[in-house]
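Reading through the structure tokens given below for one structure.
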Amino acid sequence: MVLKAKNRLGLVFFPAFDWAISSTHPEREERLLYTRDQVEEEGLFDIDGIIEYNPKMASYKDVQRVHLCVPDEKSRMTESHLISAGGAITAAEAVIKGEVDKAFALVRPPGHHAMRVVHGARGFCNINIEAVMINYIRKHYGIKKIAIVDTDCHHGDGTQDIYWNDPDTLFISLHQDGRTLYPGSGYTDEIGGPNAVGYTLNIPLPPGTSDEGFLYALDNLILPVIEEFQPELIINSAGQDNHYTDPITNMNFSASGYATLNDRLDPHIAVLEGGYSIEGALPYVNTGIILAMAGLDYSNVKEPDFEPGRFRETARVMEHIKDVCEEVYRTWKNRSKYRQKMIKDAKYLKERRSIYYDTDGISESREEIIKICDCSGYSILTSTSDRGYTIRSVIIPWNSCPKCHKEGLEAFEKIREEKGFPSGIICLQDGINDIFIRETP
Amino acid sequence: MIIGLDMGGTHTDVALLENGEIYKKTKYPRQEDFLESILIPLDQIMEGEDPLAIERVLLSTTLSTNAIVEGKLGKVGMVLEPGPGLNLDYLNSIFPVCFISGYIDHRGREKFSLDMDEVRSAGRHMKEKGAQYLGIVGKFSTRNPLHEKKIYETIGPSFSYSTLGHTLSGNLNYPRRIYTSYLNSGVWEIYKQFLKAIKYSLGERKIKAPLYILKADGGTLAGDAALLRPVETVLSGPAASIMGAMALEDIEEDGIILDIGGTTTDIAFLADGVPLFEPRGIEVSGFKTLIRGLYSRPCGVGGDSLVELKDGQLKIGPERLGPAAAFGGSSPTPTDAMVIKGIYKEGSRSKAIEGLKPLADKKGVSVEEMADMIYEKTADIIVENINRYLGEVNSRPVYTIHELLHGKKLAPQKVILVGAPAPAFAEPVSKKLGIPCILPEGFEAANALGAALSRVTTELTVVADTQERTLVVGEEGIREKIPSNFSKKDAEKVLFSYLRERCIKMGGDPSSPMEIIEEEEFNVVRGFYTSGKIIRLKGQIKPGIRGDYGA
Ligand SMILES: [Zn+2]
Ligand SMILES: [Zn+2]
């Protein structure tokens, strides 16, 4: 009399019905209302093997493992962000402790546009909830190799930035071509920093891509790469704004396509990202993903107005998608060659970039000097925003070798002694000792 | 005077009340014949009483529950309109099903209309399958009952009885709506026959007082009104004891109610003196339903649980081999241990010692030491279960930041014990939990008292959608137009007026206290403009003890 899930599934369902960026913003109270109605009406919480969890709250310490908040954590986020990140952690812990086989954090607000440095909100994101989760489970459970597949329609530029130099984190983003959509990045030539060339892979898809195109990229590129990478955990940043009814994007993905993609990708953990067709898409997409993750039949999940074949790509569009996938797969295959070409004999490399925070209207300029090593190295990052803040930080990743760790600590001491550093905040993010130091002038 | 009668698994308890106090009570073993289990103790208690002095008869019966557990339901055919979603083919193995096309979405909008030829053919198909009763259930029918009503009008009249899913509850949950509808149609005939028989028997005894039936939520409904939703009469036993405990002992804080029986102890919780409910509905014999009910969880230890030594370890329950040794039984029980320790002042101490001796010898300890061990173990099991269920209710999912950070966490301040073996358990449980355990006067007949004093309750759900300009009163099958400026105040007014009407229909007192138990209000924003509001309210007649005790 009770349906039994094939996979035990943990659901952290937290719609935050009392939180909005502003009353008419896409990130508002109403966002998951119809999804709640649908999953409640489908009786998904009654299915034997689907277990509902309340999110825990992440701490500032959890955030500091990932971010450099300027000027500090308290001013850059609210409880809602800590709960959303905590929800992702709750989901991951349920899987790692073996309470469930898989978990889905259906939480808001999202996080994949939040980069290493946080001067404000970008693309509705303040802190990167997947990254806070990943760094938490690496610290507490010693998990090393992780693959993140970002299926949000927007390029996951924040997650890309955070794991840019980490060869133990494979980041693959599938998104609408940056020439046609925010944040305007995620091209095939963005392939990771000097210590992790090829461990960031971007698959820009043309507007109008539908189920066939997405599943082509999955089967012919993403799955083979993951198979070769051999991660201990697969995480899906499950944005749902590729849907054909989404108001802020131009793709044609369906609920059935999302469920199929999730089924084939078979992630341990899925985390909701964007998705703003709150009535036409989210109720059906989320039902589909939940059923797929639980190993139940999702073939009858579809939008009431769905007609199969309605959005099929033209042959030309499909050809283009195939070309992109082939190019990206070549990058992956030739990653050591590309790395050699990039680093040559350099011991350090410098990267410069400007970052715009659309949600808060902040401009940041950033310079990072990266130590070249076979580990993640370490780096010295200097960032200035047009709000008058400057921060200089030494970042020692969780998987730095002892040599890089030592050198990083020395570099931090040197910065400390440089009294001349102009009105800046200095930080040390030491992933080896799990220490975060911030000194303000 | 009021008659309260609780029919349990092994016994029927009857209490006769005068001025809200138990004036007479009796207990009678359960009989093969259902009606006899009620009438024999009823005749006992009515001996020498004036039948015309009886003002009300309240029954808590296991009739519907037994019919479900024993699979003695009428032949029900289910006509379902599932639309896209979960695959429901597995239902075919439980009852005959006809799936028909058509779809209502989450806002109650008709996305696909019904195919009336298909509906008629579903009716014929169900007849061929031998169905006498129907369940008609559509997805999101609580948001728009139109399709269920149309199906009923087309094929319902050729069946003896039909349940329309939306009439049972305003809550979402399609599988539960299906099961609840199935059970409701399935128990209808049995309940109808019972009602006829009991009314006849009361008439024979010149008892002209109205008859009420207890529900799982601690409220009652008039015997005739229960014909509309007979499924609501299931699992009323735990509610009877909880309401009785609350009548016997004033409690305004968080608390625990333990109903100690022969083989099990039922655990229930109070939040600020109000009993906790099942969030989605109660479960009956494996069927998850939408039936509103008080939260109650069994734990396999009672006063007569058999105590054994298994591999040198004490094992208590879940078996029972008759009453405690102190009360003439032959096997050791927790009650005997409490008698030996002098906690329980009744029963024969020498017989209790006799009962425990073999165990003590086997373990190589004195009888007193054995009694201590049983005392500890019994309390451990009960307290372990209390803590587990407390953890369960304290981690119920919440959906707002406010509730997550500042929501109520239950912290019980005292325990109320009821049930015949309760005196043996108060001290050990209190010691382990570190809070007082109260054994109120009248604890033995709390269930019958609870049944006697409960009032008519009902709940109702109102959903107003000002963008769609519709108002739905789910359980009443009402869907009507509203203006775009319809407010929450307006919704409250509608809710209370329909709720009062419904209370009267259920045989209740129109002046019963009403309250809103759930409320939500969302702005509907389309294209960066607020284009409407969704207001959802659920109200209820407060379950509680009747004010008018009667003479
Ligand atoms: Zn997005
Ligand atoms: Zn190194």
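The values are calculated or read from the model by the stated rules, or taken from the named source; none is laboratory data. Small disclaimer: the values here were computed from a predicted structure and weren't measured. Backbone-built Cβ (ideal geometry, glycine too); neighbour counts: all protein chains shown. Accessible surface areas use protein heavy atoms only, side chains included; no ligands, DNA or RNA. Shrake-Rupley method; radii C 1.70, N 1.55, O 1.52, S 1.80 Å.
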Solvent-accessible area per residue, Å², over the range A:168-256 with all protein chains present [probe radius 1.4 Å]: 26 Å²
Return, ordered by residue number, the residues of the range A:259-285 whose backbone nitrogen is under 17 Å from a label point located 7 Å along Cα→Cβ of residue B:87. A:259-264
For the range A:345-439, just run the numbers: alpha carbon Rg, then divide by 2.2 N^0.38 Å, N being how many residues it has. 1.12
Report the gain in length on full extension from residue A:140 to residue A:219: 0.36 nm times residue separation, minus Cα-Cα distance, nm rounded to one decimal. 25.2 nm
Per-selection metrics, the range A:272-368 (Cα): Rg and Dmax in Å: 21.7, 59
Which is the longest run of chain A containing none of the GluC sites (Glu not before Pro) found in DSSP loop states (not H, G, I, E, B) with at most 16 other C-beta atoms within 10 Å? A:233-417
Shielding of A:52-58 by other chains, given as the mean Cβ count within 10 Å, works out to 3
Length gained, residue B:31-residue B:392, 0.36 nm per residue minus C-alpha separation, equals 126.3 nm
Chain A: relative contact order as a whole-number percent, Cα under 8 Å and 6+ apart: 14 percent
List the residues of the range A:27-46 that lose 30 Å² or more of accessible area once all protein chains are present, compared with their chain alone (1.4 Å probe, heavy atoms only, no ligands or nucleic acids). A:28, A:30, A:33, A:34, A:36, A:37, A:38, A:40, A:41, A:42, A:46
Computed over chain A: longest principal axis from alpha-carbon atoms vs helix A:282-294 long axis, angle to nearest 10 degrees, is 90 degrees
How crowded by other chains is B:522-531, given as the mean number of beta carbons from other chains within 10 Å of each beta carbon? 4
Computed label-point distance, nm, for sites residue B:19 and residue A:75 using a 7 Å Cα→Cβ extension: 7.2 nm
To the nearest Å², the heavy-atom accessible area per residue of the range A:345-439 with 1.4 Å probe amounts to 51 Å²
Per-residue mean of C-beta atoms belonging to partner chains within 10 Å, peptide B:81-93: 5
With loop defined by DSSP as not H, G, I, E or B, and exposure as at most 15 other Cβ atoms within 10 Å, which is the longest segment of chain B clear of exposed GluC sites (Glu not before Pro)? B:71-251
Efficiency by 1/(1 + (r/R0)^6): what FRET value for residue B:531 and residue B:497, r their Cβ-Cβ distance, R0 = 30 Å, to the nearest 0.05? 0.60
Here the longest stretch of chain A that holds no trypsin sites (Lys or Arg not before Pro) in a DSSP loop having at most 11 other beta carbon atoms within 10 Å is A:180-309
Quickly estimate the mean residue ellipticity at 222 nm for the protein assembly as shown, helices only: each DSSP H run with n ≥ 4 gives -39500 (n - 2.57), and the total goes over all residues, rounded to 500. -10000 deg cm²/dmol
So how long is each side of the range B:239-356 along the principal axes, counting just the alpha-carbon atoms, biggest first, in Å? 48, 34, 23
I'd like the distance between the alpha-carbon centres of the range A:1-74 and the range B:256-321, rounded to an integer number of Å. 32 Å
Simple spin-label estimate for residue B:409 and residue B:366 in nanometres, 7 Å along Cα-Cβ: 4.4 nm
Put one equal scatterer on each alpha carbon of the range A:4-335, apply the Debye formula with no solvent term, and list log10 I(q)/I(0) at q = 0.07, 0.16 1/Å to two decimals. -0.24, -1.46
Taking N as the number of residues in the protein assembly as shown, the ratio of its alpha carbon radius of gyration to 2.2 N^0.38 Å works out to 1.08
Once you put a point 7 Å from the Cα of residue B:511 and another 7 Å from the Cα of residue A:4, both along the Cβ direction, what distance in nm separates them? 5.6 nm
Between residue A:347 and residue A:437, what's the calculated FRET efficiency when r is the beta-carbon distance and R0 is 30 Å? Round to 0.05. 0.75
Quick one: the Cα spread of chain B along its three principal axes, in angstroms, biggest first? 78, 59, 49
Pairs from A:4/B:493; A:102/A:302; B:111/B:538; A:61/A:97; B:75/B:208; A:302/B:542 whose Cα-Cα separation, in the structure shown, is over 31 Å: A:4/B:493; B:75/B:208; A:302/B:542
Quote the Stokes-Einstein diffusion coefficient, in whole µm² s⁻¹, for the range A:64-162, based on the Kirkwood radius over alpha carbon pairs, a temperature of 10 °C and a viscosity of 1.306 mPa s. 116 µm²/s
Once all Cα-Cα distances of the range B:55-234 are split into 10 Å bins that start at 0, what whole-number percent is in each one? 10, 36, 32, 17, 6, 1
Excluding ligands, DNA and RNA, what is the accessible area buried between chains A and B, summed over both sides, using a 1.4 Å probe, to the nearest 100 Å²? 4200 Å²
Grab the Cα-Cα distance for residue A:323 and residue A:230, subtract it from 0.36 nm times how many residues apart they are, and report the gain in nm with one decimal. 31.0 nm
Reachable aspartates and glutamates from residue B:431, criterion Cα separation under 17 angstrom, eight or more residues apart if same chain: B:372, B:376, B:380, B:384
Which lysines, on any chain, are close to residue B:362 with Cα under 22 Å apart, when same-chain ones fewer than 8 places away are left out? B:310, B:315, B:341, B:351, B:377
I'd like the carbon and sulfur percentage of the solvent accessible area for the protein assembly as shown, probe radius 1.4 Å, heavy atoms only, ligands and nucleic acids excluded. 50 percent
